[in-house]
Amino acid sequence: ERKSINSELWHACAGPLVSLPPVGSLVVYFPQGHSEQVAASMQKETDFVPSYPNLPSKLICMLHNVTLHADLETDEVYAQMTLQPVNKYDREALLASDMGLKQSRQPAEFFCKTLTASDTSTHGGFSVPRRAAEKIFPPLDFSMQPPAQELVARDLHENTWTFRHIYRGQPKRHLLTTGWSVFVSNKRLFAGDSVLFIRDEKSQFLLGIRRANRQQPALSSSVISSDSMHIGILAAAAHAAANNSPFTIFYNPRASPSEFVVPLAKYNKAMYTQVSLGMRFRMMFETEECGVRRYMGTITGISDLDPVRWKNSQWRNLQVGWDESTAGERPTRVSIWDIEPVVTPFYICPPPFFRPRFPKQPGMPDNDNDVENAFKRAMPWLGDDFGMKDSPNSIFPGLSLVQWMNMQQNNQLAAAQSGLFPSMV
C-alpha cells in the first residue's frame, strides 16, 4: 500500500509559488496549458497535435480528488487530480475556491541551499548556513569539543537518512559529514541541484531535493508513457466536456511554469481587471534558495498565443516587456491571473496639469520628442519606432506615444475634477 506523501515537504519541493486548490473547490482547467506542460516534459513541440473543435479553451470543473506523488528514481514531485466539468455550481463550492486562495501550504520552518562543487565532493561535507542550522537543527551541546550530534531525516518516500552534524573549522561552521556522501551518491546529486530541510507542523525533520533546470530527468512511466499521451490528454478533456464526466490529469510543477488548473476565485478576480496596452504590472517569480521576487513589466500586446487551434483563448494572451536586464530569463507571454496590475498611474514625466505646482526639475523632458526618447530609453525592448502611430510596432494603435499619454492625463484630470481623487485638486 502506497504511503501518503507529507504535504508540506511536497510543496517545499514543488516551489514557493505552488499551492494546489483544495478538494471540493471549483477550478478552471486550461487544456492549452496542459498541452504545454506535456510538450516541455517530452521535450517536443505541439505542432503535430490535431485541433479539437469541440473542446473549449477552458473548462470550469469541480476538483474531486488530489493525490501527491514523487518519482521513485528522481524524486520529481507531481500531483494527480480528478476533475469534472460543471455547468452550474452552488455558493458553497465557490466559497471553498475562495478559501483555498488564503491557505499557504508551504512549511513555516525550512531552509533551501543550492549545492556547490564542494558540497557534492566525495571528500567533503555539506556546509550549512549558520542561521539555518540554528533554526532547523536540534541545538548542539557546546560543552563537547567539537560540538556534534546525529541527525535523522526522512525523504518523500519515507526513507530515513542519518547524518553527523558537527561544528568545526576555522572559521567555525556547521557541517554534515558522515552519511552525506551516501545521500549525494544515492540521489545522484550534482552542483546546481538544491537540498531542502524542513520542520513540519508536527516538528518532524524532513528533507527533499530539487533538480537543477538544466537536468532533464528520465520521464516517469506513471506520468507520460508515449507520444500518444500528448493527444490523449486533449481527447480525454474533450470527452469529459461533452459528457460532464470525471477525467484525470497529472500536474508537474517543475516541468514547466504552466499552472493550467487555476482556482475559480483567482480567475474571476483577474477577469475584473481591465487590461490595456501600456499597463504596468508586477509578477512573482521563484528565486534561488526557494525565495520569491516581484518583477515589474508592461503589457505590450494582447493576442492569441495559438489563433488556429485555440482561438480567443485567455492562456498567455498578454505580450509583455520587462524592466530589468534579466528580461531574457522572463517569459514574453503571460496569463492575466499571473500578474498584479499596478493601479497608480505610471508617468515618465509629470502630467501637464501638475506642472504649475511642481517647477520643472533639471533633466526632465521638455518637449514631445524628449518624452518619446525618455520612454524608449526606459523600455528599449519596444523598438525604435514603437511610438509612431503608423508604425506596425506601435503599442498605441492610431496614436503617437505623446497623444496616448495626453489622453491618459486628461482622463486623470477629469476624474480629479469630478471629486474621485479629491487630493489631486
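The values are calculated or read from the model by the stated rules, or taken from the named source; none is laboratory data. Bear in mind that the values here come from a model prediction, so they are computed numbers and not experimental data. Using ideal geometry, Cβ is built from the backbone for each residue, glycine included, and neighbour counts are taken over all protein chains shown. Remember, those area values only see protein heavy atoms, side chains included, never the ligands or the DNA or RNA. Shrake-Rupley method; radii C 1.70, N 1.55, O 1.52, S 1.80 Å.
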Answer from 55, 72 - the residue that is surrounded by 19 or more Cβ atoms within 10 Å (Cβ to Cβ) and out of contact with any Ser or Thr (no Cβ under 8 Å at 6 or more places or on another chain) | 55
From (1) farther than 28 Å from residue 180 by Cα; (2) among the aliphatic types (A, V, I, L, M); (3) free of Cβ contacts under 8 Å to residues at least 40 places away in the same chain, pick out the condition that doesn't hold for residue 79.
-> (3)
Scan of the range 83-107 for residues that are closer than 30 Å to residue 135 by Cβ and either of a type outside the set (A, V, I, L, M) or open to solvent by less than 60 Å² (accessible area, probe 1.4 Å) (or both), ordered by number | 100, 102, 103, 104, 105, 106, 107
Options 192, 169: the member that is touching a residue at least 24 places away in the same chain (Cβ under 8 Å) and either not aromatic (Phe, Trp, Tyr) or not assigned by the TED database to the domain that holds residue 13 (or both) | 192
Qualifying positions in the range 149-197 - part of a loop (DSSP other than H, G, I, E, B), within 17 Å of residue 112 (Cβ to Cβ) and open to solvent by 40 Å² or more (accessible area, probe 1.4 Å) | 190
Kindly indicate which of 18, 27, 23 is surrounded by 17 or more Cβ atoms within 10 Å (Cβ to Cβ) and closer than 22 Å to residue 245 by Cα.
-> 27
Those residues of the range 280-332 which are among the charged types (D, E, K, R), open to solvent by less than 50 Å² (accessible area, probe 1.4 Å) and within 21 Å of residue 260 (Cα to Cα), in sequence order | 304, 306, 316, 330
Selected residue [modelled with pLDDT under 85, under 21 Å from residue 6 (Cβ atoms) and open to solvent by 20 Å² or more (accessible area, probe 1.4 Å)] from 228, 222 | 222
Can you tell me which residues in the range 94-153 are modelled with pLDDT of 80 or more and of a type in the set (D, E, K, R)?
-> 109, 113, 119, 130, 131, 134, 135, 141, 150
